Amino acid sequence: MTTTTIEPLSAPTDRDVDDLAALLVATVEGGASVGFLLPLEHEAAVAWWREVLTDELTDTWVAREHDGVIAGCVRLTRAWKPNSRHRGEISKLMVAPRARRQGLASRLMDVAEGSAWSRDLRLLLLDTETDSPAQPFYVARGWSVVGVIEDYAATPYGDPAATTILELRRPR
């Protein structure tokens, strides 16, 4: 088992962006519906990460292996509207194939959820492909299914896919 640390990504280096791009490409190539279609070129993934890492309302955490390589990530985006500042959205929970089944996804979610609660957010939302391996993971963590939207997105292969919307409320 590789030792990893979970840390906020506050000032990403070129290597960090390259690692995140490699993680995104591997995730999409593995069949996960995370907003991209195949083939996903590494350069396109780098460009996407460079753009989204500038969002001031989004925090990104990474799971960093002992050699500094990023093996996983998760993002928390806070709502910007004045009437929505009590909620946030979890996205891009990804773990590299070599690092799966070691508890990284749970550790990353613990940090993202804990950060949300410490910021006084009361409601978290996320979406995942219906019947994907991720859906039971979220439900086991206490997330509740809000509903399913048919044909909401496409798989990495371009096939229409249903998306399940889940919510988690701050513990009282």
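What is the residue count in the stretch 1-27 for residues that are of a type in the set (V, I, T), out of contact with any helix residue (DSSP H, G or I) (no Cβ under 6 Å at 6 or more places or on another chain) and farther than 26 Å from T155 by Cβ? Break it down into steps so the answer makes sense when it comes.
Within the stretch 1-27, the subset of a type in the set (V, I, T) is 2-6, 13, 17, 25, 27.
Keeping just the survivors that are out of contact with any helix residue (DSSP H, G or I) (no Cβ under 6 Å at 6 or more places or on another chain) gives 2-5, 13, 27.
Cutting the leftovers down to farther than 26 Å from T155 by Cβ gives us 2-5, 13.
So the count comes out to 5.
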Fill in: Options A63, A32: the member that is part of a loop (DSSP other than H, G, I, E, B) and under 13 Å from the mean Cα position of the chain (by Cα)
A32
Worksheet entry | Residue in the stretch 41-55 that is surrounded by the most Cβ atoms within 10 Å (Cβ to Cβ), counting only those that are in contact with a Ser or Thr (Cβ under 9 Å, 6 or more places away or on another chain) and part of a loop (DSSP other than H, G, I, E, B) | L53
Worksheet item: Given the conditions (1) buried (at least 18 other Cβ atoms within 10 Å of the Cβ); (2) more than 29 Å from L123 (Cα to Cα), and given that R15 satisfies all but one, which numbered condition is not satisfied?
Response: (1)
Item to complete: Among the numbered conditions (1) free of Cβ contacts under 8 Å to residues at least 24 places away in the same chain; (2) over 17 Å from the mean Cα position of the chain (by Cα); (3) not in a strand (DSSP E or B), tell me where P136 comes up short.
Response: (2)
Item to complete: With respect to G30, determine if the residue is of a type in the set (G, A, S) and over 21 Å from G158 (Cβ atoms).
Response: no
Item to complete: Return yes when L125 is under 13 Å from L168 (Cβ atoms), in contact with a strand residue (DSSP E or B) (Cβ under 6 Å, 6 or more places away or on another chain) and touching a residue at least 40 places away in the same chain (Cβ under 8 Å) and no when it is not.
Response: yes
Fill in: Residues of the stretch 99-114 classified as in contact (Cβ under 8 Å) with a residue 60 or more places away in the chain and under 18 Å from E29 (Cα atoms), total
1
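Each reported figure results from applying straightforward, stated rules to the coordinates on display, with no laboratory input. This one's a predicted model, so the numbers in the text were calculated from it and none came from an experiment. Methodologically, a virtual Cβ is constructed for each residue, glycine included, from the backbone with ideal geometry; neighbour enumeration extends over all protein chains shown.
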